[in-house]
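*Asks:* Right, I'll just put the structure down here and ask away after.
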Amino acid sequence: EKDGRIILPCYHPAAALRDTSKLRHCSDTFQVLRGLTHGVHWKEFVVQDEYPDPIYQVADTPEKLTQMASEIEAAGLYAVDTEQCRGRLWSYQISTKPGTAWFVPVPEGVNKVDLTQYKATAIVHYYLHDIGYLDIADDRFFDTMVLSYLLDLPQGLKELASRLCGVKMINYTEIVRP
């Protein structure tokens with residue numbers, strides 16, 4: 001909202017005819033426009049981050065790894081992501097509940113982490129990449145990139161986090177310097 005006017009950035013509808021990947025975005029924009037014309041306040045359409053101050057723990061001792069494992073088993077579901085540096089696995093991160101996560105540094109020389117011991121379902125974004133660094137049971141994982149493709153949503157994690165959860169992810173180059 002600026003100077004008492006609501007500004008709704010959107011694609012021209014013809015853009016969706018030329019590039020069908022924009023169709024969902026155009027459709028969503030028209031739903032927002034419909035709500036605005038019916039008196040719904042624009043803030044109703046803005047997704048807010050429910051956990052702006054997440055809690056991170058470093059799992060760098062056997063006790064903390066055991067605590068993380070028991071949280072995974074109790075939850076029955078966990079999200080996992082990997083980070084690489086110079087072509088090797090540097091760390092993986094696990095979350096069992098919103099607003100919290102474990103950071104697990106990977107020792108030098110370890111290139112793949114075995115997560116098959118957990119009797120819980122893993123949620124991974126872009127499993128085709130992470131399969132090179134993680135062993136996850138084939139019958140206990142969901143790939144959010146595949147799910148977003150099937151729902152005709154963007155496949156990029158940053159775009160999904162922003163659009164669906166209101167989370168503004170920091171760019172990798174903003175965190176890590178050469």
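*Asks:* Under the classification rounded if a/c is under 1.5, otherwise prolate if a/b is larger than b/c and oblate if not, where does the chain fall, given a ≥ b ≥ c as square roots of the Cα gyration tensor eigenvalues?
*Replies:* The shape class here is prolate.
*Asks:* For residue 146 and residue 10, what does the FRET efficiency come to when R0 = 22 Å and r is the distance between their Cβ atoms, rounded to the nearest 0.05?
*Replies:* Calculated transfer efficiency: 0.20.
*Asks:* Carbon-plus-sulfur fraction of the accessible area of the stretch 20-99, 1.4 Å probe, in percent?
*Replies:* Its accessible area is 56 percent carbon and sulfur atoms.
*Asks:* What residue among 144, 160, 4 has its Cα farthest toward the positive end of the dipole of the chain, where the charges are +1 on Lys, Arg and -1 on Asp, Glu, each on the Cβ?
*Replies:* 4
*Asks:* Can you send over the solvent-accessible area of residue 25, 1.4 Å probe, protein chains only, in Å² to the nearest 10?
*Replies:* Rounded to the nearest 10, the figure is 60 Å².
*Asks:* Just to be sure I follow the definition: excluding the sites themselves, where is the longest run in the chain that has none of the trypsin sites (Lys or Arg not before Pro) in a DSSP loop with at most 16 other Cβ atoms within 10 Å?
*Replies:* After excluding every exposed loop site, the longest remaining stretch is 1-85.
*Asks:* What value in Å³ per residue do you get for the convex hull of the alpha-carbon atoms in the stretch 46-143?
*Replies:* It comes to 121 Å³ per residue, whole-number rounded.
*Asks:* Calculate the spin-label point distance for residue 129 paired with residue 116, positioning each point 7 Å from the Cα along the beta-carbon direction, and give it in nanometres.
*Replies:* 2.5 nm
*Asks:* Out of residues 5 or more away from residue 106 or on other chains, whose amide H comes under 5 Å of its own, with H placed 1.01 Å from N in the peptide plane?
*Replies:* 91, 92
*Asks:* Apply the Kirkwood formula to the stretch 29-80: the hydrodynamic radius equals the inverse of the mean of 1/r over all pairs of different alpha-carbon atoms; give it in Å with one decimal.
*Replies:* It is 15.0 Å.
*Asks:* A further question follows. Can you give me the long-range amide H partners of residue 126? Hydrogens built in the peptide plane at 1.01 Å from N, cutoff under 5 Å, separation of 5 or more residues or another chain.
*Replies:* Under 5 Å from the amide H of residue 126: 144, 145, 146.
*Asks:* From the phi of every residue in the stretch 75-87, what ³J(HN,Hα) in whole Hz does the Karplus formula 6.51 cos²θ - 1.76 cosθ + 1.60 yield, where θ is phi - 60° and glycine or proline is x?
*Replies:* For the stretch 75-87, the Karplus-derived couplings read 6, x, 7, 8, 9, 9, 9, 10, 10, 10, 9, 6, x Hz, x marking Gly and Pro.
*Asks:* Still on this model: Going through the cross-link list 22/112; 22/119; 2/97; 112/158, which pairs have a Cα-Cα distance over 30 Å in this structure?
*Replies:* The pairs that break the limit, which is 30 Å between Cα atoms, are 22/112; 22/119; 2/97.
*Asks:* What figure in square angstrom, to the nearest 10, would you give for the accessible area of residue 145 with a 1.4 Å probe?
*Replies:* 50 Å²
*Asks:* Report, in debye and to the nearest 20, how large the dipole of the chain comes out about its Cα centre when Lys and Arg carry +1 and Asp and Glu carry -1 on their Cβ.
*Replies:* Dipole magnitude for the chain comes out near 660 debye.
*Asks:* Please compute the contact order of the chain in relative form: average sequence separation of alpha-carbon pairs under 8 Å and at least six residues apart, divided by the residue count, as a percent.
*Replies:* Averaging sequence separation for qualifying contacts and normalising by length gives 18 percent for the chain.
*Asks:* Sticking with this structure for a sec: Sort 11, 127 by accessible area with a 1.4 Å probe, largest first.
*Replies:* Of 11, 127, the descending order of accessible area is 11, 127.
*Asks:* Just to confirm the number: angle between the C-alpha axis of helix 23-37 and the first principal axis of the chain, 0 to 90 degrees, nearest 10?
*Replies:* Relative to the chain, helix 23-37 is tipped by roughly 50 degrees.
The values are calculated or read from the model by the stated rules, or taken from the named source; none is laboratory data. What you see is a predicted model; the values in this text were computed from it and never measured. Every residue, glycine among them, receives a Cβ derived from its backbone with ideal geometry; neighbour counts consider all protein chains shown. Only protein heavy atoms, including side chains, enter the accessible area calculation; ligands, DNA and RNA are left aside. Shrake-Rupley method; radii C 1.70, N 1.55, O 1.52, S 1.80 Å.
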